[in-house]
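J.: Provided herewith is a single structure, encoded as structure tokens, for subsequent inquiry.
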Amino acid sequence: MSCTRELHDGVAQELAYIYRNLDPDAREPDGDTVSRLRLATERALIESRRAVHALAPERNQAVETALAEAAAEIAERCRIQLDLDLVPGIRLSPARSEALVRIACEAITNAARHSGAKRVMLRLERDGALARLRVADKGRGFDTTVSSNGFGLIAMRERAHSVGAEIRICSAPGRGSEVDVAV
């Protein structure tokens with residue numbers, strides 16, 4: 001697993017959250033915000049250690065549980081509503097489970113940061129012999145043919161391909177976005 005992806009998907013997300021909430025033009029953080037910032041700092045530290053040591057994901061946690069927990073945490077921190085539709089009992093290797101969780105977290109983070117949407121839908125389902133993950137929003141969308149300076153879309157693609165998954169990122173200005181991963 002690429003250390004760059006691990007740092008982007010974990011530490012960079014935490015640091016971006018901390019940075020946004022410590023904006024000098026924003027109002028003074030209240031006690032609740034300070035508490036969340038402390039937790040984000042602790043998570044960033046944990047994630048950086050994890051990237052450095054390349055720890056394997058928890059091997060006995062069901063993919064739907066890992067998705068629900070990680071997605072809920074990201075949605076809460078990003079203050080975006082989350083609709084979950086997760087089919088239980090889908091068996092994946094730890095590497096594939098971890099890839100789906102990380103891709104979902106990146107897609108939710110991107111929707112919260114860039115789409116203007118108030119709600120994100122996360123779905124995990126069976127599709128024949130495949131597991132299919134979909135993350136969709138009805139936000140402002142973007143032109144997928146225009147190159148961006150961000151690393152998020154690249155990281156999602158690399159992560160999917162590293163575990164043999166196919167990924168499709170669909171969006172258009174004014175039409176929202178959808179990330180679809182089949183593994």
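The values are calculated or read from the model by the stated rules, or taken from the named source; none is laboratory data. Quick caveat: nothing in here was measured; it's all calculated off a predicted structure. With ideal geometry, Cβ positions are generated from the backbone for all residues, glycine too; neighbour counts draw on all protein chains shown. With ligands, DNA and RNA removed, areas are computed over all heavy atoms of the protein, side chains included. Shrake-Rupley method; radii C 1.70, N 1.55, O 1.52, S 1.80 Å.
J.: Answer with yes or no whether Phe151 is closer than 20 Å to Val11 by Cα and open to solvent by 40 Å² or more (accessible area, probe 1.4 Å).
T.: Judged against the criteria, Phe151 is a match.
J.: Only one of Gly164, Gly174, Gly128 is at pLDDT 95 or above, over 21 Å from Glu73 (Cβ atoms), open to solvent by 20 Å² or more (accessible area, probe 1.4 Å) and of a type in the set (Gly, Ala, Ser); which?
T.: Matching residue, one of Gly164, Gly174, Gly128: Gly164.
J.: If I filter the stretch 136-183 down to residues being of a type in the set (Ser, Thr, Tyr) and in contact (Cβ under 8 Å) with a residue 60 or more places away in the chain, which single residue comes out as farthest from His114 (Cα to Cα)?
T.: Ser162
J.: Within the stretch 82-89, does at least one residue satisfy the condition of being within 25 Å of Phe151 (Cβ to Cβ) and either surrounded by fewer than 16 Cβ atoms within 10 Å (Cβ to Cβ) or modelled with pLDDT under 75 (or both)?
T.: no
J.: Taking into account only those residues within the stretch 51-77 that are open to solvent by less than 30 Å² (accessible area, probe 1.4 Å) and over 15 Å from Ile103 (Cα atoms), which is modelled with the lowest pLDDT?
T.: Ranking the qualifying residues of the stretch 51-77, first place goes to Ala51.
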